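A.B. asks: Have a look at this one before I ask anything.
Each reported figure results from applying straightforward, stated rules to the coordinates on display, with no laboratory input. Everything quoted here is computed from the prediction, not taken from an experiment. Here the Cβ is made from the backbone with ideal geometry for all residues, glycine too, and neighbour counts use every protein chain on show.
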Amino acid sequence: MKIQNAFRVGLIGTLGVGLGVLILSAVVSLSTILTYIGAALFLALGLEPIIAFLERRKLPRWSAIIIVLVGILIVLGGIIWAMVPVVISQATGLVKTITKFVEKGTAQDWYSGLKHQFPAIDFDQTLAQIWDGLQKNLGNIGGGLLQAGIGIVSGFFGVIVVLILTIYFTASLNNIKRSVYELVPASRRARFADIAEQITDSVGKYVMGQVALALCNGIASAIFLTIIGAPFPILLAGLAFLFSLIPLVGTISGSIVIVLLSLLLASPLTALVAAIWYIIYMQVEAYVLSPRIMNRAVSVPGSIVVIAALAGGSLLGILGALIAIPVAASILLIIKQVVVPRQNEL
């Protein structure tokens, strides 16, 4: 093929590459904002099943939205009012307990027991190396602490932004859907709208289901840890709830943290009882609670769940792990209802 005007082709190609680089740079620069938008849209879809339930009870959509938002604010306010003083008190007690653990020589006895239990490991040399590393990187640690403080402040404002966007998306979700549907050619609009509605409905039910599972774990943990006399049961139950919001690995990760804290701050017997409890609870959650709560949400094979959670966590951290499974379910739905039928027609 003979090129008539090499300069024009080269110029257009260069401009195309430059435009692509500019778009990628803009996406990277706006990654935080795009994350906020994605999180808010994810939460708005999670509230949609409740709003739809109230609409089926003959309530206007605007009143259903107000009832849901006000109800959530009241519940969150009540939880904060009831739990924050207890959590602060127990967190303070946790710090004091660790301080006494070090000051009274209990930590030294525990350390001596470790050396006796594992004689092949040179703990003294390992601690010396860690201390030397800390001294050499003291400036970096200080900078890291400053960055951590800035991150906490940024996270606080990020939560406020996400809440505001969630309220906006919840109030205008139908209009957003309608605007997106209008961008699709009329001949394919009905099919596109049907698949989109299935995806958004599935995501909403998944969000509500994951929150329900986390609440079950938090409430059950608070009751059981109080019964067995575990240290700081409300604080540990709050950890169990937060970890359980992470799909797949959240419950087991929170359980390991709670068992280790029970071993460190209580007794081996308390830690053993807590470990047995969480092993039993995880079986109940996997075979009883999760099938009943998530039966109308997403349906994704176990191997894809693992891959999606790992990929989402690597890309976007905890938020990525949260949204990875419904995204994977959406892709599977598109493949089953669009790609496979087209292949069968060929």
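A.B. asks: Taking other Cβ within 10 Å of each residue's Cβ, how do VAL273, VAL180 sort, fewest first? If you can, show how the numbers build up before the last one.
C.D. replies: Details: VAL273 20, VAL180 12.
Going from least to most buried by this count: VAL180, VAL273.
A.B. asks: In whole angstrom, and with the biggest value first, how far do the Cα coordinates of segment 198-346 range along each principal axis?
C.D. replies: Principal-axis extents of the Cα atoms in segment 198-346, largest first: 66, 29, 20 Å.
A.B. asks: Related question: Using θ = phi - 60° and the Karplus form 6.51 cos²θ - 1.76 cosθ + 1.60, what ³J(HN,Hα) does each residue of segment 213-219 get, whole Hz, x for Gly and Pro?
C.D. replies: 5, 5, 5, 4, 5, x, 5
A.B. asks: Can I ask one more? What nm distance separates the two modelled labels at GLN337 and ILE252, each placed 7 Å from Cα along Cα→Cβ?
C.D. replies: 3.2
A.B. asks: Taking the Cα-to-Cβ direction at ARG188 and at ARG61 and moving 7 Å from each Cα, how far apart do the two end points lie in nm?
C.D. replies: 2.5
A.B. asks: Could you work out how much longer the chain between LEU11 and VAL75 gets when fully extended? Use 0.36 nm per residue separation minus the Cα distance between them, nm to one decimal.
C.D. replies: Values: separation 64, 0.36 × 64 = 23.04 nm, distance 5.98 nm.
The span from LEU11 to VAL75 would gain 17.1 nm if fully extended.
A.B. asks: Length gain on complete extension for the stretch VAL159 to SER314, per 0.36 nm per residue less the alpha carbon to alpha carbon distance? Spell out each step's value before the answer.
C.D. replies: Working: separation 155, 0.36 × 155 = 55.80 nm, distance 2.11 nm.
This chain segment gains 53.7 nm when fully extended.
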